[in-house]
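Let me give you the structure first, and then I'll get to my questions.
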Amino acid sequence: MKQNYRMIDVGDKETTRRKAVATGTIRLSPVTMQMILKGDSPKGNILSIAEVAGIMAAKNTSNLLPLCHPLILDSVRIWFEIEETEVHASCEVICSAKTGVEMEALTGLNICLLTIYDLAKAVDPVIEITDVYLQKKEGGKSGVWTHPKLATAKESPLPCDNSFQGLRFSVGTLSDRASRGIYDDQSGTLLREFCSKRSGKEEFYKIIPDEPEALRKLVNESIEKNVDILLLTGGTGISSRDITPDTIKDISTKELVGFGELQRQFGSQYTKAAWLSRSSAYVVKNVLVVLFPGSPKAVKQGLDCVGSLIPHAVRMMRGESHH
């Protein structure tokens, strides 16, 4: 039977920022692990050589996989976590392209692990490579995808700090369907977790319909309760029901246009649709009101780019030091 092989035509796809992280484990004997940690292998520093080998492999993935597109990579990074008899390796690959870099990350990781195997096999014939999988990928239409294994992990994917300490925050989700209980509000939950894990104090969280009066009532409640930050998700698009920016702008004294510009610029690395968002930030009385899109993926991206600016902006409003 005749077989036809071809590379997929990605010419019509948009160029976006792509990232993939692959991870895997190699198990060795305690004696071999000590040799690796001391760096006194007969063949040299095993982890250093494996790191370089993995980076080279990621760069040459299209030469190894017949139908894989050649890509110009912006970054390849490999790191290790050491346990008593295991080396956990991770490979992160980043580029701007029309197709993903999952195979580059997996190729870099596998060659890294195989290099450790090759350099250690002379002193340790019982070696296992296990748990190799794609941990995370970003970019393109799918946005951010995370392996289900990580969904049950105890560790938070967001870095924990105390940057919101001493700040009171509230969260509001604007969604007709979520307010009727048709689906769970994931976006509002992301905003709450982000602030709480940075030592912020939550005053209230509400889901409201896309109605100007309901939103104004939410803002007034934040003012009455002396909230420092009101984070809103939803209603930043261009449909007739997307009223969040218009309503907040009418009652604000200042607009921080940079918050919206940064979100759109950062989000456009993943999808051009980010340019259609009207997200922004405003000062209403003594409350900083920050607007995010309604989609959980867009909220994650928004927090990645403006999250650290929020407490800084509040302290500037208070007249505190800019540093």
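The values are calculated or read from the model by the stated rules, or taken from the named source; none is laboratory data. Keep in mind the model is a prediction, meaning the values are calculated, not measured. For neighbour counting, all protein chains shown are included, and Cβ atoms are generated from backbone atoms with ideal geometry for every residue, glycine included.
Restricting the first residue to the stretch 261-273 and requiring it to be within 12 Å of A298 (Cα to Cα), which pairs with a second residue that is among the aromatic types (F, W, Y) meet a Cβ separation below 7 Å and a spacing of at least six or different chains?
That search, which allows pairs on different chains as well, returns R264/W275; S268/W275.
Considering only residues that are assigned to a loop (DSSP other than H, G, I, E, B) and either outside the structural domain of L28 (by TED's automatic domain parsing) or crowded, with 23+ Cβ neighbours inside 10 Å (or both), which ones fall in the stretch 121-143?
Restricting attention to the stretch 121-143, the residues satisfying the condition of being assigned to a loop (DSSP other than H, G, I, E, B) are 121-127, 139-143.
Listed by number, the list holds a single entry, G139.
Which of the residues belonging to the stretch 165-184 are part of a loop (DSSP other than H, G, I, E, B) and modelled with pLDDT of 95 or more?
Selection gives L167, S175.
While we're here: Is it true that some residue in the stretch 293-311 is of a type outside the set (A, V, I, L, M, F, W, C), under 22 Å from D185 (Cα atoms), free of Cβ contacts under 8 Å to residues at least 60 places away in the same chain and surrounded by 14 or more Cβ atoms within 10 Å (Cβ to Cβ)?
yes
Determine, yes or no, whether K197 is basic (K, R), touching a Phe, Trp or Tyr at 6+ places or on another chain (Cβ under 7 Å) and assigned by TED's automatic domain parsing to the domain that holds A274. So that I can check it myself, show each step before the final result.
Details: basic (K, R): yes; touching a Phe, Trp or Tyr at 6+ places or on another chain (Cβ under 7 Å): no; assigned by TED's automatic domain parsing to the domain that holds A274: yes.
It is false that K197 is basic (K, R), touching a Phe, Trp or Tyr at 6+ places or on another chain (Cβ under 7 Å) and assigned by TED's automatic domain parsing to the domain that holds A274.
Right, another one. Restricting to the stretch 182-230, and then to whatever is hydroxyl-bearing (S, T, Y) and surrounded by fewer than 16 Cβ atoms within 10 Å (Cβ to Cβ), can you tell me which residue is nearest to the chain's Cα centre (by Cα)?
Initial filter on the stretch 182-230 (hydroxyl-bearing (S, T, Y)): 183, 187, 189, 196, 199, 205, 222.
With surrounded by fewer than 16 Cβ atoms within 10 Å (Cβ to Cβ) added as a condition, the list becomes 183, 196, 199.
Working: Y183: 23, S196: 18, S199: 20 Å.
Within the stretch 182-230, the match that is nearest to the chain's Cα centre (by Cα) is S196.
Checking the condition over 30 Å from K13 (Cα atoms) and not aliphatic (A, V, I, L, M), which residue from G237, G319 passes? Working first, answer last.
Details: G237 fails: over 30 Å from K13 (Cα atoms).
That would be G319, the only listed residue that is over 30 Å from K13 (Cα atoms) and not aliphatic (A, V, I, L, M).
Further question on the same structure: Select from the stretch 228-243 the residues that are within 17 Å of P296 (Cα to Cα) and either assigned to a helix (DSSP H, G or I) or of a type in the set (V, I, T) (or both) and list them in ascending order.
If the condition is that a residue be within 17 Å of P296 (Cα to Cα) and either assigned to a helix (DSSP H, G or I) or of a type in the set (V, I, T) (or both), then T233, T236 are the ones that fit.
When you scan the stretch 251-262, do you find a residue that is in contact with an Asp or Glu (Cβ under 9 Å, 6 or more places away or on another chain), within 19 Å of F169 (Cα to Cα) and either not in a loop (DSSP other than H, G, I, E, B) or not assigned by TED's automatic domain parsing to the domain that holds S96 (or both), even just one?
To start, the set of residues in the stretch 251-262 that are in contact with an Asp or Glu (Cβ under 9 Å, 6 or more places away or on another chain) comprises none.
So far as the stretch 251-262 goes, no, none of its residues is in contact with an Asp or Glu (Cβ under 9 Å, 6 or more places away or on another chain), within 19 Å of F169 (Cα to Cα) and either not in a loop (DSSP other than H, G, I, E, B) or not assigned by TED's automatic domain parsing to the domain that holds S96 (or both).
Give the number of residues within the stretch 97-122 that are small (G, A, S) and within 25 Å of I72 (Cβ to Cβ). Don't jump to the end; show me each part of the working.
We begin by selecting, within the stretch 97-122, every residue small (G, A, S); these are 97, 100, 105, 108, 120, 122.
Of the ones still in play, those that are also within 25 Å of I72 (Cβ to Cβ) are 97, 100, 105, 108.
Here the count works out to 4.
If you take the residues in the stretch 244-286 that are aliphatic (A, V, I, L, M) and farther than 17 Å from A214 by Cα, which one is surrounded by the most Cβ atoms within 10 Å (Cβ to Cβ)?
Filtering first and then ranking leaves A281.
Among the residues of the stretch 108-120, is any at pLDDT below 95 and not in a helix (DSSP H, G or I)?
No.
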